[in-house]
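Each remark here refers to the structure printed beneath this line.
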Amino acid sequence: MRQEPAVEVVGLVKRYGAKTAVDGLSLTVARGTVTAVLGPNGAGKTTTVETCEGYHRPDAGTVRVLGLDPVAQAAALRPRIGVMLQSGGVYSGARAEEALRHTAALHAHPLDVPALVERLGLGSCGRTPYRRLSGGQQRRLALAMAVVGRPELVFLDEPTAGLDPQARHAAWDLMRDLRDDGVTVALTTHHMEEAEELADGVAIVDGGRVIAQGSPEELCRGGAENTLRFTGRPALDLVSLLKALPVDSTAAELTPGSYRVTGKIDPQLLATVTTWCAQNGVLPERISVERHTLEDVFLELTGKELRS
């Protein structure tokens, strides 16, 4: 029996006056996965997530979160989800640990607050008012407040923005543990490395629509020409190398002694190149396989111009 998705958005439209922020967007988030929603500024990703959280009523289309309408059935849904907003959401005068304990008290079976404080490095600022916390401390507190209630599904909007490397990796470890415990994580991020590191699925949003969706591996493989590079003595006989390579492969000497092979780079092609080198008395000083990254795919799909 097919398991119902944690989030199912079909044909979502959301307008603000004459501006259409989301234009027929469809998106599915499988249960027990980490799904990253990527997109340039103004693409519609935050509006989409906020609609799933119940903050906006769709102008058209349907949204179901854990099988519920997030607006009409908000009272039933809210105890089952956690939400980390892009900013704010905490009374400015509240002390950090006080705010976290208050949030924990609203739930029947919250996580252990001291353990969460220690894990996210909030101990040193536990008595500091929210308004005096650094940007990174505010993000870590917001993450803690989103997960302390043991949600079935957590929405994280730019969860590691402004975090230092240690704090970012601590947040990543927490998200992995949530997934391992069966929690569904839906996050928006501008960090391609974060999506590649964590996400089971990625949705790229632009112009208010999902323009690509799949695993990071699927997106990086689709339409991407892979490249193999190696170094050796200059002026090698590339004609004989091309004869050994599969059809549609190319080989070129970019600079003296630096070579590039393009095409479908797989174990067989790599073996062909190394065998050819051995047969021709070439000892490669360096050989590497380069694949498109998620950032390459993102820029190809959305363009490289700056967005306001």
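As an equivalent ellipsoid, the stretch 29-101 spans semi-axes of 24, 17, 14 angstrom, where each value is the square root of five times an eigenvalue of the C-alpha gyration tensor, largest first.
Taking every DSSP bridge with both residues inside the stretch 127-272, close to 75 percent are antiparallel. Backbone geometry of the stretch 233-239 corresponds, through the Karplus equation with coefficients 6.51, -1.76 and 1.60 at θ = phi - 60°, to 3J(HN,Hα) couplings of 5, x, 6, 6, 7, 6, 4 Hz, x marking Gly and Pro. In this structure the amide hydrogen of A21, modeled in the peptide plane, comes within under 5 Å of the amide hydrogens of K14, R15, Y16, none closer than 5 places in sequence on its chain.
Hydrodynamic estimate: the Kirkwood radius of the stretch 150-272 over Cα pairs, inserted into Stokes-Einstein at 20 °C and 1.002 mPa s, corresponds to D of 119 µm²/s. Each residue of the stretch 31-38 was assigned a 3J(HN,Hα) from its phi angle through the Karplus curve 6.51 cos²θ - 1.76 cosθ + 1.60 (θ = phi - 60°); the sequence is 5, x, 10, 9, 10, 9, 9, 10 Hz, with glycine and proline shown as x. Extending 7 Å from the Cα toward the beta-carbon at both V289 and R221 defines two label points whose distance is 1.1 nm. Taking the chain as a Gaussian network of alpha-carbon nodes connected by springs under 10 Å, the highest mean-square fluctuation of the residues G136, G61, G232 belongs to G232.
Computed from Cα atoms, the angle from the helix 135-147 axis to the main principal axis of the chain rounds to 70 degrees.
Using the Cβ-Cβ distance between V13 and L299 with R0 set to 22 Å, the FRET efficiency from 1/(1 + (r/R0)^6) comes to roughly 0.25. One Cα centroid belongs to the stretch 105-138, the other to the stretch 205-279; the line between them spans 48 Å. Relative to the longest principal axis of the Cα atoms of the chain, the long axis of helix 267-279 makes an angle of roughly 30 degrees. A Gaussian network model of the chain, with springs between Cα atoms under 10 Å, assigns the largest mean-square fluctuation among T33, T262, T160 to T262. Of all DSSP beta bridges confined to the chain, the antiparallel ones make up roughly 70%. Across the stretch 173-185, computed HN-Hα scalar couplings (Karplus, 6.51 cos²θ - 1.76 cosθ + 1.60, θ = phi - 60°) run 4, 5, 5, 5, 5, 4, 4, 5, 8, x, 7, 8, 10 Hz from first to last residue, x flagging Gly and Pro. Over 10 Å intervals from 0, what percent of Cα-Cα pairs in the stretch 220-276 sits in each interval? Once binned at 10 Å, the Cα pair distances of the stretch 220-276 give 23, 59, 17, 1. Label positions at S134 and D200, each projected 7 Å from the Cα along the C-beta direction, are separated by 3.4 nm.
How would you classify the chain from its alpha-carbon gyration tensor, with a ≥ b ≥ c the square roots of the eigenvalues: rounded for a/c under 1.5, else prolate if a/b is greater than b/c, otherwise oblate? Judged from the Cα gyration tensor, the chain comes out prolate (a/c at least 1.5, a/b above b/c). Between D177 and V247, the contour length at 0.36 nm per residue exceeds the Cα-Cα span by 20.7 nm. Among V205, V183, V239, the residue with the largest mean-square fluctuation in a Gaussian network model of the chain, with springs joining Cα atoms closer than 10 Å, is V239. Summed over the residues of the chain and divided among them, the accessible surface reaches 50 Å² per residue at a probe radius of 1.4 Å.
Straightening the chain between A108 and R233 buys 38.1 nm, computed as 0.36 nm per residue apart minus the Cα-Cα spacing. Taken along its principal axes, the alpha carbon cloud of the stretch 1-54 reaches lengths of 43, 19, 17 Å, longest axis first. The heavy atoms of E98 offer some 110 square angstrom of accessible surface to a 1.4 angstrom probe.
As a fraction of the 1.4 Å probe accessible area of the stretch 1-148, surface on carbon and sulfur atoms comes out at 49 percent.
Once the Cα atoms are used to define both axes, helix 96-105 deviates from the longest principal axis of the chain by about 70 degrees. Under Stokes-Einstein, with the Kirkwood radius over Cα pairs as Rh, the value for the stretch 258-308 at 25 °C and 0.890 mPa s is 179 µm²/s.
Heavy-atom accessible area with a 1.4 Å probe sorts R127, R233, R176, largest first, into R127, R233, R176.
The values are calculated or read from the model by the stated rules, or taken from the named source; none is laboratory data. For clarity, every value in this text was computed on a predicted model and none was experimentally measured. Backbone-built Cβ (ideal geometry, glycine too); neighbour counts: all protein chains shown. Side chains included, ligands, DNA and RNA excluded: accessible areas come from the protein's heavy atoms. Shrake-Rupley method; radii C 1.70, N 1.55, O 1.52, S 1.80 Å.
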